[in-house]
1. Once amide H atoms are built 1.01 Å from N in the peptide plane, which residues 5 or more positions from Gly133, or in another chain, come under 5 Å H to H?
2. How much of the DSSP bridge set in the stretch 85-194 is antiparallel, in percent, rounded to the nearest 5?
3. I'd like the antiparallel share, as a percent to the nearest 5, of DSSP beta bridges with both residues in the chain.
4. Placing +1 on the Cβ of each Lys and Arg and -1 on the Cβ of each Asp and Glu in the chain, which of Ala77, Leu4, Leu56 has its Cα farthest towards the positive end of the resulting dipole?
5. So which lysines can Lys39 reach, going by Cα to Cα under 29 Å and dropping same-chain residues fewer than 8 places off?
6. So what is Rg over Rh here for the stretch 36-142, counting just Cα atoms and using Kirkwood for Rh?
7. Which order do Thr83, Thr152 fall in if you start with the one that has the fewest other Cβ atoms within 10 Å?
8. From the Cα gyration tensor of the chain, with a ≥ b ≥ c the square roots of its eigenvalues, which class applies: rounded if a/c is under 1.5, or else prolate if a/b is larger than b/c, or else oblate?
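Only the coordinates and a few stated rules stand behind these numbers; no lab work does. Please read all numbers here as calculations on a predicted model, not as lab measurements. Using ideal geometry, Cβ is built from the backbone for each residue, glycine included, and neighbour counts are taken over all protein chains shown.
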Amino acid sequence: MRKLTYFIAVSIDGFIGGPDGEAQFFTEYVDEEFLEFLKAEFPETLPTNGRRMLGLDDLENQQFDTVIQGRASYDIALDLDVTSPYAHMRQFVASRSIEKSPDPAVEIVSDDLVGRVRALKEEEGPLGIYLCGGSGLAGELVDEVDELVLKTYPVVLGSGMPMFASGFALTEFELDSVRTFGNGILVRRYSRKR
Ligand SMILES: NC(=O)c1ccc[n+]([C@@H]2O[C@H](COP(=O)([O-])OP(=O)(O)OC[C@H]3O[C@@H](n4cnc5c(N)ncnc54)[C@H](OP(=O)(O)O)[C@@H]3O)[C@@H](O)[C@H]2O)c1
């Protein structure tokens, strides 16, 4: 079984962005130390255009070889005329409104989302599946999430987009590791208790 990992930037108070999901302000905290960490441990989570700008095109995937994101998150790339934002992985976008994928490298999942994710998890392979967000998609997939990697940035937002747009349910996780960075970022890794 491959794991589905929700790897996400959050505020101290647990929001993944402002009320409309805006999350660009988190990137201001990506300093040299944190970028070195991402390059070494999660290089595939950097979008293709960012990797290109930083001269990191050739970094090998370390944790994930597949990414799934919701249509609203994919829209952010489309707005920049990027149709294949994670070209170094297999890419899936959940959407009932996109009729035809704008890119041959991106597969649209329009029905049986959970079944599709379960089938991906059942594939053999050393690398896992990166649940990229956003809140709506994570809410739909909360029961399938095996692991959380929370990049907590040292900001409080007061209100905003929750990690999971789902109803109340107590879902237990076990803390595997904590890593702290000089500028106040905290990266916690949790496994799902089953
Ligand atoms: N902090 C971070 O690290 C981070 C990471 C990623 C995203 N974000 C933020 O998250 C925001 C977007 O989150 P969001 O909650 O608004 O949207 P989202 O989760 O990115 O996308 C929601 C869309 O996914 C599709 N979808 C959801 N469930 C589905 C299902 N069961 N079957 C088929 N399609 C399904 C629907 O698309 P259709 O409407 O097309 O049917 C739905 O409108 C962005 O603003 C982004 O900035 C933050």
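1. Answer set, sorted by chain and number: Gly70.
2. Of those bridges, close to 75 percent are antiparallel.
3. The antiparallel proportion sits near 40 percent.
4. Of the candidates, Leu4 comes out farthest on the positive side.
5. The reachable lysines, counting only those whose Cα sits under 29 Å from Lys39, are Lys3, Lys121, Lys151, Lys193.
6. 0.95
7. Listed from fewest to most nearby Cβ atoms, that is Thr83, Thr152.
8. rounded
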